[in-house]
Structure formats: structure tokens, C-alpha cells
Amino acid sequence: MIRVHLSLSASQASYVPESLQVIKLGGFEMRTKTTLGLLWGMIFAIINATGAYSQATKTGTLAGTVVDAQSKEPLPGATVLVVGTNNGTATNLEGRYVINGIESGRVKIKFTYVGYKDKEAEVFIKPGVINKLDVALEESAISGKEVIVTAQRQGQQQAITQQLTSNTIVNIVSPDRIMQNPDANAAEAIGRLPGISLIRSGGEGQNIVIRGLDPSYTVIELNGIQLPSNSVDTRTINISGLSEYVLGGISVFKSITPDMEANSVAGAVNLTLARASDRPTLSVIAEPGYNHQKDYFGNYILNAIASQRFFGGKLGIKLDIDAERTNRGAQTLGAGYLVNSNVTGGLGMEQVLLNNVSLNNISNIKEKQGGSLVIDWRFSSLSSLTFYNFFSASGAQYAEFTKEYQPFYYNYYDATLDNSGKNLLYNGSLQGENRIGPISLDYGISYSQVHNYDPWNKNWQFRWLTVPYPAQYTTNDSLATLTPQDYVNANLDSGSVSILQSIALWHMGYTSSDVFQKNSEGYLNAKLSFNLTSDVSGYLKVGFEYKGTHRTVNYYSADQPYTSYKYAQRDSNFSWLTVSTASPQPAAYGFVSGSVNNFLSGKYNFGWNVDFSKLDDYWNWWNVFSNKVIEGDSVIKTVGGNLYIGFVPDFYQSSIHNQDVTEDYYAGYLMSEIDLGEVVSFVPGARYEKLTDDLIGYQVYNLEQTYSLYIPRTQINASRSDEFILPNFHLKVKPLDWLAFQAAYTKTLGRPSYQQIVPDIYIDNSSSTGTYQAGNPNLKPEQWSNYDLQVAVFGNEVGLFSVDWFYKEVKDKIWTRTYTRIPTDPVIPNFGANALVNVTETVNHNHLVYVRGVEVEWQTNFWYLPKPFSYFTLNLNYTFLNSETQYPAQRLFTVVTIDSVTHRPKATPMRVDSTVSGRMLNQPNGIGNASLGFEWKGLNLWVSYQYNGDILTSWTNQPELRGRQSAYRRWDMQATLQLPVKGLKLRCDVANINNAQQVSSLVSGPRPTYIESYGWTSDFGVMYNF
């Protein structure tokens, strides 16, 4: 059910009035404080109730830790069971377990863990108290053979065991595995799991794509707390700034349970911070690095982790500090195409002509710093309180120079410089666990904040005011066959002095963006364990959650088309500046600095490059000069653009991204797990969610002859709400010790992005065909039905082999429709009845949309084979994907009739609306990962291979212009070598060994639309563990 309220204020404003900010923000804080205050009261009541729990009971509690017999490391996910009953549990990430409701007297406890020998221990249970039993398990071995104990094997077994003991379908990355891959960030570590691909930039994973679904369908959490979005428009978070070194583990849930947020169509990723272990630890990593393409030696990784427990193990403190710098520079090519004519209106194939080619030389030195502080207090084996803190800061020194070549027009030369952007993230949470008899409680409050700001993204554009091609390169026949390589290398820009003097600086400008979002969250979960008979047990779980979100986005774009040379030539700082021979503008000659060689492996002639320091000096001078002029003449503030002073705002870009959102989220759930012996586990449940939004947007007119330095806009207020009850069922059957089946049916939601629901309206009626674009507060969330079926075979020798089939389909799918309004359509406000208007709107539809696939995974260690095969570990997975969605289509044509009154021919525009079926964007048809590990006498080596199949990258009504990305294949390597000094190791990482490129082309032919080359990188350093 959706409820929407919309209001339009009459006031003209450039910014939200201060009084309104106070009212909205104050209301958000008041609601948040009230809800979290109630949670605080409940938390203290829970802690007090734990101490007051009655001792008068006939049953007792057993608690303890399960560790590896040799390394003493905890074994998470180990199964602990009271023999002869169905009363049991699995150890947590620290190897700890608690079993309630054990009959008093002498009982046997059975411990099992994949790859280890089963163990039974006898213990006397005293009623009404916490009984202790710690156990060490030994790795499995073949009689008469030496057991090869390796870190690779232990990490793999940990992941396998956690997956098998989960009541849902999940993939695990263990802490050891995180440290054993040459991954640039947390996204890269996740990208090696089944069914997961990455959206990359500069070779680095930016966003996670699970089962081919857009990143907006995935929830990213840190210790169960959702991270706020740092995107300008969407609900997604770019986690490239998160270092993998601060993480204690990663879980990717492919099917969710009712105690998880429903906005998880693709899945939920939970990144965890570990608490201090029982033993003091100190780890230091120092690695300088190298970027092959940029021949850059300034990369580095510095990481330090320290943990200690105090007061008899009650207080734990774990500190992690990380600093990294990496050159993510790249060289890219972009090519645009058009059809010779559109006589079939998209119904037939047309001749495809090369329209433009751009070469981009990018320098992108990224820096990130992060850290975590985890403080926990163990009141007892049944009660603990943990304070998690995580901070991350990332930024870049970014410079890009682009040359765009066009057959019938000028050469364009675009430069971008951005050294000011920062992405700051903080997540803090206080989380507690308590047990009161058969009732387990976990609760928490949290505060998360993201601030992604970029105040000065500066840009320049030069133009060569001549057609830069011989006549034979501008005919349709040549443009139908020329490749981008042929076209670039035939361009007449030789970089000579005369040509550089004729190229003029035509535009300067900048964009500014500021995304700020804060989340305040509280939750409480209660689980009641029961044992009805020796074969029937389980639990009943209930909980609720509140999350308050306040989000603002301020985006501004401005440009100055003519920066007069006559002002700059009076400044002695610009003695090197010359005037263009083609226009009274600065010439490119004074801004040139060297050339770019061997572009895209030497296939393309890039030629001359720019001096960014000179461009920056000139931009800064113009900004200061303009501000002084504007301050001295109030008239120029209104008509400054007409006088070519200052920077004139881009009305469209400066309006359509701006947001002010206050959101309240309420959720509650009820679920149960019913276990029939060790064979059947059934988990039914339902989740209730309610979301309310208060939204502020703006209506902006782009009028003809508007030169104002300010944006005339009208504020629009809107509110909306929705609520859903979502059923959820999981069934797990384990008929044999080595075989398990798991099935799931879940209902999830795909919530619209912030930009889609904010009531921003953009109107441009300055030309014969107008433009109208609007957000839609009436949008409904997508409702997805998800089906999963998994078969798993496992054991000490086979490891884990699983096959997972999944199918998803959606109701109320959201799409963005662009069409041309014709006179027979309803009249759009601010346009005439006969106006032609290009309309962009976001709406729901109910056409068939589905995604389906099969994931195959095998994790194993060859410990049981003779040497040297026993030193190897193998991880393999492959995912087959298939999808179908609907794309809106239109066909415009003109019908000529004879007017019945004038008897003259009359042309009437007509439009036919339809849909076209196709696969989803950014969805590979196959995803594969292979990792082979080798560990022997202190040498730990991993070689990894990643494969992403063909991807559809763009959709258009013209089928021959649709884009696709070719299959992507990449090799990586990581190695550590133990040195004679205890705890000291050498590390070497090499990423993208095969120098893989991302290549896209048209679906209709082999000519490329995009090529990105970023070379290989390497790091070499030391790691010390105490």
C-alpha cells in the first residue's frame, strides 16, 4: 500500500529555507531519540534481568570454546550436540557455543567440524548454573600418513563449515582467505564468490553485482548494520574505499530469512569486524607497490592490527589501522555510432556509421585510510556487550585529458582535474547478547554517517575550429567501414606549433557535489529455544527494528563559454599565454606539456598532452577575477553570463540531482526453526516493513536567454509511505552424513532510488521541441518472488561440492521511459496543447521480468593425496545466468492527410508505444572463478583466475546500436614466504598479470565502443605477526 502527499510552495529559493531545515531535521532527531531511548531502557532491563534469572530449574547450561588442537585458533561453525537428543548449536565466529535446557546429570557432547575428527566428551551438568567444556579438535588423517596442517586448509574448512551450518544459502570468505588474495579492496575479495561479478573502474572493483542484478538490489552491512549510501542518486554504496585488511570475515546471503532487511533482492553482504581473541596479537604489513602502465612506484600498503584482553579476559580491545595509495590510472577509448537513416523506425537493420571517437588518458592516484576499534566486555559466557567503531576516508588526485574526433565537426579537447574530493564513512554500534534461561536476546543501537563531497571538479575544453579530416574520411561509405583506430590515426592534428596556435580554449567550468547521509538504528531480537522431544527441537524468534535516515544532496554545475584573453594578458603571471589564431581566446600552445606515447599498446596516436598546473592556475585566476568584478557590480550578478563573467549554471545538472530526504523505517518479524532430529530443519516466518518519506525537490525552468548566475527554482514538498508483509520459508534436509538439500522461498523488495522519488521537475521550453523530466513520489517498490534449491555433497576428502538453482521474478518493476509527447497526448503543464515534448518519467510496469541461473561450486583440499599433491588447495565456481526484461520502445512517424476545411495537406505526428524483450543490463551470461593454492614449508602461494562472460551494457530502440562488453579474463597471484625470524614473512602480490582489458562493442558488429586498459600492478613487502 502506497500513500503520497504532494505540495508546491510559491516561494522562489536557491536553497531550502533555514526555518524549514530546523523543522525537518529537528523532527528527524526527535523521532530518532524517542525510539532509541526506548531501546536503551529495554537494554538495561535485559542486563538486569540476566542477573536476576532464577536458579530454581532442573536443567543446566553448557558453554565453552572449540579450537584447533595444534594452532589453538577458534573453529567457527562447529556443530555441538547433546548425544541422544536434538539439542545443539553451532559455534560463533570466535569458536564459542552455548546450549541451554540440558537435563541435569552426566551427558555426552558430540563435536563435529568438516575436515576434523569427530569428538565426544562426557560432562556432568549441574542444574541452574553455567557448566564449562572447552574442546580441541584434531584434523582428519589417513592411518599411517602424516597430517599436513596448512593455513589454506583451515581457512577453507572454516568457510565450508559455516556455510553448511547456516539455515540459509550463504557464501563465506574466511579471515585467512581475505588476507591471501591480491585484492584491492573489500569488493574484490567478495568478487571471487559464486555468482558475483564487479563493476570496475581503473581495474578496481567499485560495486557488487550478485547474480547479475544491479548493485542497488544488494544490501551492504557492517556487523549487521546497513551502511548509508554515498551515491548521488541511488541507495547503493561504493565500497572501493573499504580496505579488506580491517575485516574479520565476509558473508554473502543469497536467500534471506525474516530477521534480515527485505530490500535484498540479489542478496545481503555482511562485513564483520572481529573482537579481540583470547591471545595477544600484533600484525604489521608494509608493502610498496608498482603500476606497470603508468610506470609508477608510489603505491603502498601499510596496515597494523593489535589486540589484547584484560581483567581475566573480560575486557577486549582490538585496534586496526590501514593506509594505502594506488595509482588506478588508465587509458580508454570511446566510440559513438549512428544509423545512416531510420527509415524502418527501429524495425529493421540500418547502415551503422562511425560518429565520434575519444581517447582518454587518465591519472588517478587513489588514497584511503581506515581503521577500526572494537571494545567488548564479557559479563559471562551468556552475556556480552561490544562497541564497534569503523572509519574510512578515501580520495584521489584525478586528472583526465580527452581528445574527441568528429568527422563533420571540430576536434574537442577536454581536461578534468579533481584533487578535492573526499569520501568519509563512519559506523559505530553498541551491540549486546544475553541469555535468560531458554531465551536468547541480542540488541543494539548504531549511528552511521557518510559524507561524499567534491567541491571543485574543474574542467576545460579546447576546440580546433576546422574539419580535421581529408574528404575521403567523411563519406557514409567510409564511415560505415572505418575502425576507430583507422579514424584516430588519420586525424590531421599533428601537434605542430601552427595547429596548437589555432586550437582555442573555448570553455571552463566546474561541478560541485555534496552527499551527506546519516542513519540512526536500533534493534531488539529475542529467541526462545525449545525441546519438545528428543527428536523435535527448535526455536521461536521475534524482533523489531527502527532506522531513521536523513539525506541531503547538493549538486551544482557551471560553465563559462568565453574567457577573454584580453584580461589575462595584462597579468604578468601569464607571460607564456598566447592568443589563438582562430579566435580571441587563449591558444592551446601555451598549455602543452609533452606527449603521451604507446597509447593502448601503441595502436593509437594520442599525441600532445596538457600541463594541468597551468590549466589550474588559469582557472583559479579567472575565478578570483570574476568574483571581484561581480562583487563590484550588482547588475552582473543577474546578467553575468551575458557579459562572459563568472561561471553560468547548468540548470539541468544543477537541479535534477538535488535532494532532501527524511526517511523512517519500521520492521518487525516472527520466525521459527523446527528441527526433526538431525535430518530436517524447517524455517517459516514473515516480516513486516513500513517506510515513510518526507521529500523536498525543486521545479526548475530553463528559459531562453537566461544568463543569471543563480538558479530560479520553486520548492516542492512531497511525502509517501508504504508497508508490506513478506512471507519467507526455508527447508533443509540432510538424509546422509555427506548429503544435504536446501530450498527457500522468499519475498523481497526493490525500493526505488532516492532520485526516482524526489519531486524534482525540470522544464525546458526554450526550443521547438521541449524537455520535461520529473521524479515520481508515487513509485511503488518492486515486489520480487525468489526461489532457491541447493544440493550439497561434503566430507573430509571431497570438501564441499554444491549446485544451487535460483529463479526470481518481479511485480511492479520500475523502469525509466523516454518518449516524445505529441498533440494527441494529455497536455503537460507549462507546454501548449500542440507542443512536442521529450518526456522522461519513471513508472512501474507489470510485464514479465525474470532472472534465473545455476551456481556450481567446489572447495577442496588434497591433504589425503601423496606429496606434493597434498600441498594443494582448490576453489572452483561457475555460474550460468539467464534473464529477460522489458524495455520501453517508441516509433515516431508522420501521417499526411488532406484537411477537410482547407483541402490542403496536413502533417500529423504519430507515435506507437511498445515494449521489447531483452536480457538485463550488466548481467554476464557466465561467471567463473578458480583459485589454486600451494602451501609448503613456509611458502603460501595462491594463483587466481576470474572470468566474466558477455554483458549487455546499453539498450536503445535501434537494435544495431545496442552495446555489449566482451568476456573478461584476468589472472592474479599472491605469495608469502616465512623468513627465519619467527612471525616475519615476505609478501608479493601481482594483480592482472595478463594485462586484461575491458572491451565493449556494438551487438551488430565488431567495432569497439569502449576499451579500457589499466595494466598490471604489484606489491612487495613484509608482514609480521606476533
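The values are calculated or read from the model by the stated rules, or taken from the named source; none is laboratory data. Only a predicted model underlies this, so the values are computations on that prediction, with no experimental measurement involved. A quick note on method: Cβ atoms are made from the backbone with ideal geometry, for glycine too, and the neighbour counts reach across all protein chains shown.
Quick look at the values:
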item: Test for Glu855: is it within 24 Å of Ile196 (Cα to Cα), in the same structural domain as Gln998 (by TED's automatic domain parsing) and either not aliphatic (A, V, I, L, M) or not in a loop (DSSP other than H, G, I, E, B) (or both); result: yes
item: Val80 being closer than 24 Å to Ser277 by Cα and in contact with a Lys or Arg (Cβ under 7 Å, 6 or more places away or on another chain); result: no
item: Checking Ile674 against (1) buried (at least 20 other Cβ atoms within 10 Å of the Cβ); (2) over 26 Å from Pro781 (Cα atoms); (3) aliphatic (A, V, I, L, M), the condition it does not meet; result: (1)
item: Test: residue in the stretch 214-221 that is farther than 30 Å from Leu670 by Cβ and in contact with a helix residue (DSSP H, G or I) (Cβ under 8 Å, 6 or more places away or on another chain); result: no
item: Unmet requirement for Tyr968, which otherwise passes all of (1) within 30 Å of Glu350 (Cβ to Cβ); (2) surrounded by fewer than 17 Cβ atoms within 10 Å (Cβ to Cβ); (3) aromatic (Phe, Trp, Tyr); result: (2)
item: Test for Ser341: is it without any contact (Cβ under 8 Å) to a residue 12 or more places away in the chain and outside any strand (DSSP E or B); result: yes
item: Which numbered condition Lys254 fails, given (1) at pLDDT below 90; (2) closer than 28 Å to Tyr217 by Cβ; (3) not small (Gly, Ala, Ser); result: (1)
item: Qualifying residues in the stretch 630-659 (those that are modelled with pLDDT of 75 or more and assigned to a helix (DSSP H, G or I)) - the one surrounded by the most Cβ atoms within 10 Å (Cβ to Cβ); result: Ser655
item: Residue among Val661, Val700, Val683 that is in contact (Cβ under 8 Å) with a residue 12 or more places away in the chain, within 30 Å of Trp506 (Cα to Cα) and either among the small types (Gly, Ala, Ser) or not assigned by TED's automatic domain parsing to the domain that holds Thr85 (or both); result: Val700
item: Flag for Phe729 being out of contact with any Pro (no Cβ under 7 Å at 6 or more places or on another chain) and of a type in the set (A, V, I, L, M, F, W, C); result: no
item: Residue match in the stretch 803-824 (condition: out of contact with any Lys or Arg (no Cβ under 7 Å at 6 or more places or on another chain), closer than 27 Å to His730 by Cα and among the hydroxyl-bearing types (Ser, Thr, Tyr)); result: no
item: Pair list, Cβ < 8 Å and 6+ apart or interchain, from the stretch 873-896 residues that are free of Cβ contacts under 8 Å to residues at least 40 places away in the same chain and among the hydroxyl-bearing types (Ser, Thr, Tyr) to residues that are surrounded by 15 or more Cβ atoms within 10 Å (Cβ to Cβ) and part of a strand (DSSP E or B); result: Thr894/Pro909
item: Strands (runs of 3 or more DSSP E) completely within the stretch 734-803 that count 1 or more residues being among the polar types (S, T, N, Q); result: 739-750, 769-774, 782-795
item: Which listed residue is closer than 30 Å to Glu782 by Cα and surrounded by 15 or more Cβ atoms within 10 Å (Cβ to Cβ), from Thr840, Thr818, Thr885, Thr860; result: Thr885
item: Residue satisfying all of: in the stretch 454-481; of a type in the set (A, V, I, L, M) and either surrounded by fewer than 18 Cβ atoms within 10 Å (Cβ to Cβ) or touching a Lys or Arg at 6+ places or on another chain (Cβ under 6 Å) (or both); nearest to Asn230 (Cα to Cα) among these; result: Leu465
item: Leu282 being buried (at least 16 other Cβ atoms within 10 Å of the Cβ), touching a residue at least 12 places away in the same chain (Cβ under 8 Å) and assigned to a strand (DSSP E or B); result: no
item: Some residue of the stretch 785-792 being β-branched (Val, Ile, Thr) and in contact with a Pro (Cβ under 8 Å, 6 or more places away or on another chain); result: no
item: Subset of the stretch 662-679 (residues that are among the hydrophobic types (A, V, I, L, M, F, W, C) and at pLDDT below 95); result: Ile674, Leu676, Val679
item: Count of the stretch 963-989 residues which are in a loop (DSSP other than H, G, I, E, B), closer than 30 Å to Ser1004 by Cβ and in contact with a Phe, Trp or Tyr (Cβ under 9 Å, 6 or more places away or on another chain); result: 1
